[in-house]
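One structure below.
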Amino acid sequence: MTLIKKLALILSVSLLITGCVAQEQNPDPDDDEDVVQLNDGELAVSFEFTDYDGNKVTLGDLKGDKVYLKFMASWCSICNRGMPELDDLFAKDRDFIAYAVVTPNANGEMSVNDYKDWFDKEEYPNIVILFDVGAKFSRRLGAISMPTSVFIGSDGVLIRSKPGHTTNEEIEMLIGTFK
């Protein structure tokens, strides 16, 4: 077979295959796949946490907002010493969403009800707690020790996971460096 015939055959087969592939008509402009990535990095794992009242909070719910997650535990002395500072951060007007995340029944943490009983005795009215029941998402978000700060861009990109105590000044400074 001559080179021209081979090329013609390859072209014909390519056109046939291309013609058989379904083409999307009128793509939805609000489709998540069309979101422009504003920050460098990989997308954060899509999480689903439960708030104090049992409502679900997902990464999709926070779309368009910068997010700060403070993974902490009741047994963590560093976490407990940092709670007054964290309460001050949560009380401020800010341009990002902030949550404290606890992993009940995992990593030595008590149950949801026991945690609520413990936390309700503390005097930190501004801290908003979410529960990662069974620690389904904490490790996947980079929280391998307590405390850990996780920063997510408004586009859902996992910006940074930082173990150890992070001051409010550090949190605000880092959040100011991404979109």
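The values are calculated or read from the model by the stated rules, or taken from the named source; none is laboratory data. All figures in this text were calculated on a predicted structure; none of them were measured in a lab. Note that we place each Cβ from the backbone using ideal geometry, even for glycine, and neighbour counts take in every protein chain shown.
Of the conditions (1) more than 17 Å from residue 134 (Cβ to Cβ); (2) polar (S, T, N, Q); (3) touching a strand residue (DSSP E or B) at 6+ places or on another chain (Cβ under 8 Å); (4) exposed (fewer than 15 other Cβ atoms within 10 Å of the Cβ), residue 46 fails just one. Which one is it?
Among (1) more than 17 Å from residue 134 (Cβ to Cβ); (2) polar (S, T, N, Q); (3) touching a strand residue (DSSP E or B) at 6+ places or on another chain (Cβ under 8 Å); (4) exposed (fewer than 15 other Cβ atoms within 10 Å of the Cβ), the lone unmet condition for residue 46 is (1).
Taking the range 161-179 only, how many residues are surrounded by fewer than 16 Cβ atoms within 10 Å (Cβ to Cβ) and assigned to a strand (DSSP E or B)?
Of the residues in that region, 1 qualify.
So, in the range 70-98, how many residues would count as being surrounded by 15 or more Cβ atoms within 10 Å (Cβ to Cβ) and within 12 Å of residue 146 (Cα to Cα)?
Residues flagged as surrounded by 15 or more Cβ atoms within 10 Å (Cβ to Cβ) and within 12 Å of residue 146 (Cα to Cα) within the range 70-98 amount to 8.
List every residue pair whose Cβ atoms sit under 9 Å apart, with the two residues 6 or more apart in sequence or on different chains, where the first one lies in the range 77-101 and is touching a residue at least 12 places away in the same chain (Cβ under 8 Å) and in a helix (DSSP H, G or I) and the second, anywhere, is β-branched (Val, Ile, Thr) and surrounded by fewer than 17 Cβ atoms within 10 Å (Cβ to Cβ).
Matching pairs, first to second residue: 82/167; 85/167; 90/128.
How about the range 102-136: which of its residues are part of a helix (DSSP H, G or I) and either of a type in the set (A, V, I, L, M, F, W, C) or at negative phi (or both)?
Within the range 102-136, 112, 113, 114, 115, 116, 117, 118, 119, 120, 121, 133, 135 meet the criteria.
Exactly one of (1) touching a Phe, Trp or Tyr at 6+ places or on another chain (Cβ under 8 Å); (2) modelled with pLDDT under 95 is unmet by residue 63. Its number?
Condition not satisfied by residue 63: (1).
Taking the range 99-148 only, how many residues are surrounded by fewer than 16 Cβ atoms within 10 Å (Cβ to Cβ) and of a type in the set (Gly, Ala, Ser)?
5
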